[in-house]
1. Residue by residue through segment 138-150, note down the ones that are within 16 Å of the chain's Cα centre (by Cα) and within 12 Å of the ligand (Cβ to nearest atom).
2. It is to be established whether one or more residues within segment 46-61 are exposed (fewer than 14 other Cβ atoms within 10 Å of the Cβ), modelled with pLDDT of 95 or more, assigned to a helix (DSSP H, G or I) and over 18 Å from the mean Cα position of the chain (by Cα).
3. Residue by residue through segment 101-124, note down the ones that are within 16 Å of the ligand (Cβ to nearest atom) and either touching a helix residue (DSSP H, G or I) at 6+ places or on another chain (Cβ under 7 Å) or without any contact (Cβ under 8 Å) to a residue 24 or more places away in the chain (or both).
4. Kindly provide the set of residues from segment 153-166 that are buried (at least 20 other Cβ atoms within 10 Å of the Cβ) and either within 16 Å of the ligand (Cβ to nearest atom) or at pLDDT below 95 (or both), ordered by number.
5. All but one of (1) at positive phi; (2) within 14 Å of the ligand (Cβ to nearest atom) hold for residue 130; which doesn't?
6. Could you check segment 1-29 and list, in sequence order, the residues that are surrounded by 11 or more Cβ atoms within 10 Å (Cβ to Cβ), away from the ligand (no atom under 16 Å from the Cβ) and in a helix (DSSP H, G or I)?
Ligand SMILES: Cc1cc2nc3c(=O)[nH]c(=O)nc-3n(C[C@H](O)[C@H](O)[C@H](O)COP(=O)(O)O)c2cc1C
């Protein structure tokens, strides 16, 4: 049985970790992004399907491609972030199930139900996006998730002719604390949960 993480680790992952709106110039090496992927890939998904796909945009050309899709409130911070991750999922994720879930014919569960495939891709792709946020914090990066953008434009610019679909964006880098908003309240346990 493992103990709880240290107070420092809990701060870094949850308690003092904050959504960032301004970024320092400090670059993020590609090796850091590999480090973060090599953690997030171990977060659980149904049938180990791992439907999330990621594009880590860190060049000016990539940012220009993303720019027309961004809402005005997300523009400046995204253009200045060292890296912006597109969290996407592959609608045809089941093609990889013979590799990822080799002990059963899991592919047929999804090829026989378009609805189940769609729900599974979105549910697990979103979970993997959350794993990305926590993995980023675990390797010392700050994050800023965003759904304020035009998904159709992102899909057209980055995923035309593929089965990948964008879900949300996450800016990654080292945050400038001057851009952090006041912490918003959270629901108490009794407001959000109950035992049965
Ligand atoms: C999926 C997702 C989408 C979000 N979209 C936006 C967005 O488009 N623009 C923005 O400024 N913040 C966005 N946020 C940030 C939230 O407003 C922020 O995480 C929340 O207020 C909590 O802030 P905190 O992490 O600093 O406590 C998003 C967060 C998530 C997880």
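The values are calculated or read from the model by the stated rules, or taken from the named source; none is laboratory data. A quick note: this is a predicted structure, and the numbers were derived from the prediction, not measured. Using ideal geometry, Cβ is built from the backbone for each residue, glycine included, and neighbour counts are taken over all protein chains shown.
1. So the first thing to find is which residues in segment 138-150 are within 16 Å of the chain's Cα centre (by Cα), and the list is 138-149.
Residues satisfying the conditions are 142, 143, 144, 145, 146, 147, 148, 149.
2. Initially, segment 46-61 is screened for residues exposed (fewer than 14 other Cβ atoms within 10 Å of the Cβ), giving 59-61.
With the extra rule that they be modelled with pLDDT of 95 or more, the set shrinks to 59-61.
From what's left, assigned to a helix (DSSP H, G or I): 60-61.
Pick out the ones that are also over 18 Å from the mean Cα position of the chain (by Cα) and you get 60-61.
Checked segment 46-61: at least one residue is exposed (fewer than 14 other Cβ atoms within 10 Å of the Cβ), modelled with pLDDT of 95 or more, assigned to a helix (DSSP H, G or I) and over 18 Å from the mean Cα position of the chain (by Cα).
3. 124 - this is the single residue of segment 101-124 that is within 16 Å of the ligand (Cβ to nearest atom) and either touching a helix residue (DSSP H, G or I) at 6+ places or on another chain (Cβ under 7 Å) or without any contact (Cβ under 8 Å) to a residue 24 or more places away in the chain (or both).
4. Pass one, segment 153-166, residues buried (at least 20 other Cβ atoms within 10 Å of the Cβ): 154, 164-166.
Scanning segment 153-166 gives 154, 165, 166.
5. Result: residue 130 fails condition (1) only.
6. 9
Quick grid of which residues meet (1) assigned to a helix (DSSP H, G or I); (2) within 13 Å of the ligand (Cβ to nearest atom):
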| site | (1), (2) |
| --- | --- |
| 89 | no, no |
| 94 | yes, no |
| 99 | yes, no |
| 126 | yes, yes |
| 136 | yes, yes |
